[in-house]
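Structure first, commentary second.
The values are calculated or read from the model by the stated rules, or taken from the named source; none is laboratory data. Given the structure is predicted, the values throughout are model-derived calculations rather than measurements. All Cβ positions, even for glycine, are placed from backbone atoms using ideal geometry, and neighbour counts span all protein chains on display.
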Amino acid sequence: MKYVSTRGGMAPQPFSDILLEGLAPDGGLAVPEAVPQVCAEQLESWRALPYHALAAEVLSLFVTDIPRTTLDALTRAAYSAEVFKSEDIVPLRPLYDGMSLLGLSEGPTLAFKDMAMQFLGQVFAHVLHERGATLNILGATSGDTGSAAEYAMRGKAGVTVFMLSPNGRMSAFQRAQMYCLQDANIHNIAVNGVFDEAQDIVKALSNDLAFKARYNLGAVNSINWARIAAQVVYYFHGWLRATSGPGQQVSFAVPSGNFGNILAGHIARSMGLPIRRLVLATNENNVLEEFFRTGVYRPRAAAQTYATSSPSMDISRASNFERFVFDLVGRDASRVTALWHDLGKVGYFDLSALKPEFESRYGFVAGTSSHHDRLVTIRTVMDRAGVLIDPHTADGVKVAATFVEPGIPMLVLETALPAKFSDVIQEALGRPAPVPPGFEDLETLPQKFTVLPCDVASIRAYITEHASG
């Protein structure tokens with residue numbers, strides 16, 4: 001398996017090379033030369049596998065330059081009962097009206113990002129050790145990517161993490177999870193801007209090829225293909241748990257900000273997994289919903305990006321969307337390059353001529369959820385199912401309910417545990433979210449972070465001073 005760029009300017013590379021690169025040298029994103037296919041018989045043979053073994057099977061289709069025995073060891077270490085809360089790793093919980101919750105928040109930072117980051121921590125360490133190399137990871141987070149990455153990379157030899165976050169735009173719990181880490185290889189940088197601006201800085205420095213090479217810059221955001229590949233696994237797991245035989249269809253509802261989580265579903269569906277619909281749920285920052293409704297992609301400026309009660313989705317420019325557009329336009333890299341040129345020049349592009357294919361060919365439908373919707377949904381799920389959900393998952397449940405079809409299970413992807421957003425739970429239910437064991441004093445711990453201006457020069461200077469290698 002080799003990887004190419006969505007913009008056509010990168011020679012095919014093996015997995016381990018694109019793992020360490022982040023953005024492609026031409027500014028595009030790495031994608032497989034061809035999406036591997038899985039047949040019904042292969043799917044059925046995976047039904048009884050524990051999660052770590054299923055992960056090895058799925059990831060082996062994308063990772064062909066690491067020996068299978070090594071990959072087995074990496075997934076076993078990443079997805080263990082010691083790291084997660086039980087042998088299930090990803091439990092499936094029934095809700096009501098044909099909906100179930102795919103529990104992706106059982107990891108060390110209580111968010112779905114752990115599902116990919118635990119594998120990344122293992123595979124980064126392996127590849128760097130094999131090459132005798134060091135890596136400076138530069139990322140941006142709107143909430144959960146940061147803590148998941150830092151907990152997976154803390155103390156890892158040869159890895160230093162620089163994580164940008166929007167100052168004052170995460171929950172107190174999210175900030176405490178990241179900023180309480182005192183490890184020497186972890187650098188939290190709170191920038192005075194919104195997530196989209198922080199993400200732009202990451203892309204700008206990744207596109208500075210001389211700086212990237214000098215400081216061995218890599219990425220853990222979902223621009224890193226390994227993140228997407230690891231997330232593909234839980235779509236297979238969810239399908240296998242929700243069905244009893246070959247060919248049965250399942251729909252997935254996904255709260256979406258940066259488009260990485262639902263892109264993994266698109267990849268799974270492209271591989272042959274019988275997915276009926278991919279239901280994209282946004283909050284008030286509904287740029288992606290607007291695209292699937294109209295065919296026009298029109299990102300918004302920072303000033304028009306709302307601060308909401310599902311803050312991890314307060315994103316108006318979705319990095320991973322380019323990978324889907326690459327497929328949508330027939331994997332035509334020159335057209336993708338032209339579209340992003342138009343985007344930079346006039347602020348939008350129009351693919352409304354392809355709108356009939358969004359659902360018919362790719363299974364995508366979309367909807368939005370408001371603050372009021374979140375509160376009502378949190379109360380409803382608690383009353384009807386006895387399950388407490390966080391506000392992002394509530395966005396998913398609210399939108400999913402409008403697309404449930406008889407006889408087709410609707411799996412809503414959980415994004416985080418409610419404890420991370422206790423203020424919203426208090427508003428919805430009149431009581432705070434319970435704090436999981438071990439996190440009772442989190443917000444009182446000393447915090448280590450640096451506040452910097454939201455500009456490339458400031459971040460460049462900080463990395464120059466603190467980088468390893």
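Only one of (1) among the hydrophobic types (A, V, I, L, M, F, W, C); (2) touching a Gly at 6+ places or on another chain (Cβ under 6 Å); (3) within 19 Å of residue 17 (Cβ to Cβ) is not met by residue 210, so which one is it? Going through (1) among the hydrophobic types (A, V, I, L, M, F, W, C); (2) touching a Gly at 6+ places or on another chain (Cβ under 6 Å); (3) within 19 Å of residue 17 (Cβ to Cβ) one by one, residue 210 breaks only (2).
Residues are listed down the side, and each one gets a yes or a no for (1) aliphatic (A, V, I, L, M); (2) at pLDDT below 95:
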site	(1), (2)
219	yes, yes
234	no, no
246	no, no
251	no, no
254	yes, no
267	yes, no
286	no, no
289	no, no
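Checking each residue in region 82-115 for being of a type in the set (A, V, I, L, M) and at pLDDT 95 or above picks out 89, 90, 92, 95, 99, 101, 102, 104, 115. Could you say whether any residue in region 80-88 is within 23 Å of the chain's Cα centre (by Cα), in a helix (DSSP H, G or I) and more than 16 Å from residue 124 (Cα to Cα)? No, there is no match, as no residue in region 80-88 is within 23 Å of the chain's Cα centre (by Cα), in a helix (DSSP H, G or I) and more than 16 Å from residue 124 (Cα to Cα). For region 327-347, the condition holds for no residue, the condition being that it is in contact with an Asp or Glu (Cβ under 9 Å, 6 or more places away or on another chain), in a loop (DSSP other than H, G, I, E, B) and either on the phi < 0 side of the Ramachandran plot or not charged (D, E, K, R) (or both). Filter region 25-62 down to the residues that are over 24 Å from residue 241 (Cβ atoms) and in a loop (DSSP other than H, G, I, E, B) and list them by number. Those that are over 24 Å from residue 241 (Cβ atoms) and in a loop (DSSP other than H, G, I, E, B): 25, 26, 27, 28, 29, 33, 34. Sort out which residues of region 351-369 are hydroxyl-bearing (Ser, Thr, Tyr), farther than 18 Å from residue 250 by Cα and either surrounded by 15 or more Cβ atoms within 10 Å (Cβ to Cβ) or at pLDDT below 95 (or both), and write them in order of number. Correct list: 368, 369.
Within this structure, residue 177 fails the test of being in contact (Cβ under 8 Å) with a residue 12 or more places away in the chain and under 20 Å from residue 261 (Cα atoms). Reported count of residues in region 201-229, each being in a helix (DSSP H, G or I), surrounded by 20 or more Cβ atoms within 10 Å (Cβ to Cβ) and aliphatic (A, V, I, L, M), is 6. Within region 230-288, track down each residue that is in a strand (DSSP E or B) and basic (Lys, Arg). Correct list: 276, 277. Scanning region 275-286 turns up at least one residue that is among the acidic types (Asp, Glu), in contact (Cβ under 8 Å) with a residue 40 or more places away in the chain and in contact with a strand residue (DSSP E or B) (Cβ under 8 Å, 6 or more places away or on another chain). If you go through region 90-122 and pick out every residue that is assigned to a loop (DSSP other than H, G, I, E, B) and in contact (Cβ under 8 Å) with a residue 60 or more places away in the chain, you end up with 11.
Can you tell me which residue within region 151-200, out of those that are over 20 Å from the mean Cα position of the chain (by Cα) and of a type in the set (D, E, K, R), is surrounded by the fewest Cβ atoms within 10 Å (Cβ to Cβ)? The residue in question is 183. Taken over region 125-145, the criterion of being surrounded by fewer than 24 Cβ atoms within 10 Å (Cβ to Cβ) and not polar (S, T, N, Q) is satisfied by 125, 126, 127, 128, 129, 130, 131, 132, 133.
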